[in-house]
Amino acid sequence: MKIAPSILSADFANLKDDVSVVEKAGAEYLHIDIMDGHFVDNLTFGANVVKALRKHSELVFDCHMMVDEPEKYITDLKNAGADIVGVHLEATPHIHRVLSQIKASSLKAEVVLNPGTPVMAAAEILPLVDQVLIMTVDPGFGGQAFIPETVAKVAELAAYKKEHGLDFEIEVDGGINAETIKEVAQAGATVAVAGSYVFNAKDPAMQIATLKEAAR
Ligand code: DX5
Ligand code: ZN
């Protein structure tokens, strides 16, 4: 299981150091939650923070856009040094166009599904994507409780992927801890985002090791 620490729960006044700690601890991705106060009721940061962190990290920058009109931000994210750009299916009527735009910018394209969105709503665009993010909480805030019903969605997606010979990572995001990661690993998730579990602890490196061990 790849681990993607979410900087939403990091110390914004010491971001560089917090990123360095999780990088040294063996995290594969850095999960960057971009929120616009419209698609979700919270505001965070954008391409400028991606650009600032890029100078200090070799991690895969996994940008989770929780914004309306996501097509507006793709070029800036590319120029800032993003690697993966995720777009919510619920955020645009033109998901195929936006994902194609991400791929045309030589970025990895991800579709993100809210807990209330069925897996099969993404069926037509699955051959196009590099990663699918199954939200395991409703997006907007760190520290929320894992929604158990989402485990069946991960399993459904993993089965569909196998049946159709598709190739993409299956990421989960929200409420991931040493218990819930076992359930999603069993169901077929290959990347787990963890925010509060990693950063709201004294020893983030230890938390990452615990997650990796639990998912084995
Ligand atoms: C929530 C964000 C998550 C958040 C997860 O909208 O997409 O990435 O940081 O936080 P935890 O792991 O605390 O649930
Ligand atoms: Zn996220």
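Scan V40, V67, V19 and give me the residue that is over 27 Å from E90 (Cα atoms), touching a strand residue (DSSP E or B) at 6+ places or on another chain (Cβ under 7 Å) and of a type in the set (A, V, I, L, M). V19 is the lone residue from the list that is over 27 Å from E90 (Cα atoms), touching a strand residue (DSSP E or B) at 6+ places or on another chain (Cβ under 7 Å) and of a type in the set (A, V, I, L, M).
L126 - would you say it is in contact with a Phe, Trp or Tyr (Cβ under 8 Å, 6 or more places away or on another chain) and either at pLDDT below 95 or in a helix (DSSP H, G or I) (or both)? Yes. Has segment 153-168 got any residue that is surrounded by 14 or more Cβ atoms within 10 Å (Cβ to Cβ), under 23 Å from S20 (Cβ atoms) and at pLDDT 95 or above? Scanning segment 153-168 turns up no residue that is surrounded by 14 or more Cβ atoms within 10 Å (Cβ to Cβ), under 23 Å from S20 (Cβ atoms) and at pLDDT 95 or above. In the condition set (1) in contact with a helix residue (DSSP H, G or I) (Cβ under 7 Å, 6 or more places away or on another chain); (2) within 8 Å of ligand 1 (Cβ to nearest atom); (3) not acidic (D, E), G140 is compliant with all but (1). Let me confirm something: among F61, F45, which residue is among the hydrophobic types (A, V, I, L, M, F, W, C), modelled with pLDDT of 95 or more and in a loop (DSSP other than H, G, I, E, B)? After applying the criteria, what remains is F45.
Return the residue satisfying two criteria in turn: it lies in segment 140-152 and is within 16 Å of ligand 2 (Cβ to nearest atom) and of a type in the set (V, I, T), and of such residues it is surrounded by the fewest Cβ atoms within 10 Å (Cβ to Cβ). Per the criteria, the residue is I147.
Applying the criterion of being within 19 Å of P115 (Cβ to Cβ) and either in contact with a helix residue (DSSP H, G or I) (Cβ under 9 Å, 6 or more places away or on another chain) or part of a loop (DSSP other than H, G, I, E, B) (or both) to the residues of segment 164-179, the residue that is nearest to ligand 2 (Cβ to nearest atom) is G174.
In the set V60, V111, V49, only one residue is under 26 Å from L211 (Cα atoms), surrounded by fewer than 19 Cβ atoms within 10 Å (Cβ to Cβ) and of a type in the set (A, V, I, L, M); that residue is V60. Quick one: would you say T180 is touching a strand residue (DSSP E or B) at 6+ places or on another chain (Cβ under 6 Å) and among the hydroxyl-bearing types (S, T, Y)? Here the answer is no, as T180 does not meet what is asked. Given (1) within 16 Å of ligand 1 (Cβ to nearest atom); (2) more than 29 Å from I95 (Cα to Cα); (3) surrounded by fewer than 20 Cβ atoms within 10 Å (Cβ to Cβ), identify the lone condition not met by D203. All conditions are met except number (1).
Total residues in segment 17-44 satisfying the condition of being over 29 Å from E69 (Cα atoms) and either exposed (fewer than 13 other Cβ atoms within 10 Å of the Cβ) or of a type outside the set (V, I, T) (or both): the figure is 8.
Cβ-Cβ distances below 9 Å connect the following pairs, each with a first residue in segment 121-139 that is without any contact (Cβ under 8 Å) to a residue 60 or more places away in the chain and within 12 Å of ligand 2 (Cβ to nearest atom), a second residue that is in a helix (DSSP H, G or I) and not aliphatic (A, V, I, L, M), and a separation of six or more residues or different chains: I134/T150; I134/K153; M135/T150; T136/T150; T136/K153; T136/T180; V137/T150. Filtered by the rule that a residue be under 17 Å from the mean Cα position of the chain (by Cα), closer than 20 Å to A25 by Cα and in a loop (DSSP other than H, G, I, E, B), segment 180-216 gives T190, G195. Scanning segment 6-42 for residues that are in a helix (DSSP H, G or I), of a type in the set (D, E) and touching a residue at least 60 places away in the same chain (Cβ under 8 Å) yields one hit, D18.
The values are calculated or read from the model by the stated rules, or taken from the named source; none is laboratory data. No experiment lies behind these values; they were computed from the predicted model shown. With ideal geometry, Cβ positions are generated from the backbone for all residues, glycine too; neighbour counts draw on all protein chains shown.
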